[in-house]
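Here is the structure we will look at.
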Amino acid sequence: MKALKTLTALGLMMMSAGSVAAEEQAQGDARRAAFQKAWAEIGIKDYQAPEVRQFTATDIKTFPAVEAGQGAAADATHFYAVVNYVIGKYDRETGGLVGRWVGDRGGLFGHLNSCYVEGTDLLCANSNHPNLPMASTIEVFDTATMTHKSSKSLGLTEEGSLVWFDRYEDGWIAGFANYDDETGLPYKDHTYAGIVLFDKDWRRRGGYALPGSLLVKMAPQAASGGAIGPDGRLYVMGHDLPEMYVLDFPPMGPTMVHVATLKVPSEGQAFAFDPVEPQRVWAISRPRREVVTYLIPETL
């Protein structure tokens, strides 16, 4: 008899708990319906990313250059081909070699990447890739004498490996890479590649994430080249696709906005805008070991 009373009590408790759960479910459904009605009355819409416009660059000329393995840069009279610890200086009209800086294999730095010319200085991004932990520097060379001039160490860089940088506003904008393979950190894949803003003394003051549409294309690498274009937008290239991507700085939020893709005659890697002709780009074909120069459209 006692056992029967106990079972009856348990049954009543279960029925009561079921009734409470059903009532809570009904209240929750009512709240959600009320919220949905309120959102509809407010007029909230799903975000629609801008259409990514498609353009094609105009090929100008190619030059053979054994150093064309990481990137290229140019000034008014010469272009520069860059690979790890060697930089070749070439006449930009004839393509003739006129000078070279050669570092030591396995020396103090060994992964020069993106470079650009400022006055008589060739400024280059450098990292200790493929070594871990990641560390990066800015290396400066004298374009007249092709000698190393100065170095700015960023030390260990949690953002990743420095691959490119440029002047931006009153400081710097820089791109950092992370990788999916053994050269990357085990807790960060290529999607952790990002953009960092620095002041003139290389103190971090902000940054942006790359849009997913680019990260998919760049996997398992990252943006190997980047620069502020003549229109003030950020232009980036991946590791091996013949495409250049045009990015707007977002009016809100942390992610850059992909607005255009350019078909270009160079397979990724680092590039630089020409100091004389703003729409002209100097890049490389790594498979062919060539420096490639082409024009991008004025209106994108």
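The values are calculated or read from the model by the stated rules, or taken from the named source; none is laboratory data. Here the structure is a predicted model, which means the values were calculated and not measured. Glycine gets a Cβ as well: all are built from the backbone with ideal geometry, and neighbour counts include every protein chain shown. The accessibility values were calculated without ligands, DNA or RNA, using every heavy atom of the protein model including side chains. Shrake-Rupley method; radii C 1.70, N 1.55, O 1.52, S 1.80 Å.
Here are some notes:
- Note on K149 and S213: the model spin-label points, each 7 Å out from Cα along the C-beta direction, lie 3.8 nm apart.
- Given charges at Cβ of Lys, Arg, Asp, Glu: the chain dipole, positive-most of A26, P211, Q279: A26
- Across the cross-link table entries K152/K263; K61/K200; K61/K152; K152/K188; K89/K263; K61/K217, which are compared at the Cα atoms, the separations over 32 Å belong to K152/K263; K61/K200; K61/K152.
- Distance between the pseudo-spin-label points of L132 and A33 (7 Å out from Cα toward the beta carbon): 5.4 nm.
- Mean residue ellipticity (222 nm) of the chain, computed from DSSP H runs ≥ 4 via -39,500 (n - 2.57), nearest 500: -5500 deg cm²/dmol
- Lysines with Cα under 21 Å of K45, excluding same-chain neighbours fewer than 8 positions away: K37
- Our note on the geometry: Cα centres of segment 269-300 and segment 166-197, 22 Å apart.
- Mean accessible surface per residue for segment 194-253, computed with a 1.4 Å probe while every protein chain stays in place, in Å²: 41 Å²
- Judged by the mean number of other Cβ atoms found within 10 Å, the most tightly packed of the peptides 260-267, 150-157 leads the ranking 260-267, 150-157.
- Spacing of the modelled spin labels on D104 and A49, each 7 Å from Cα toward Cβ, amounts to 4.7 nm.
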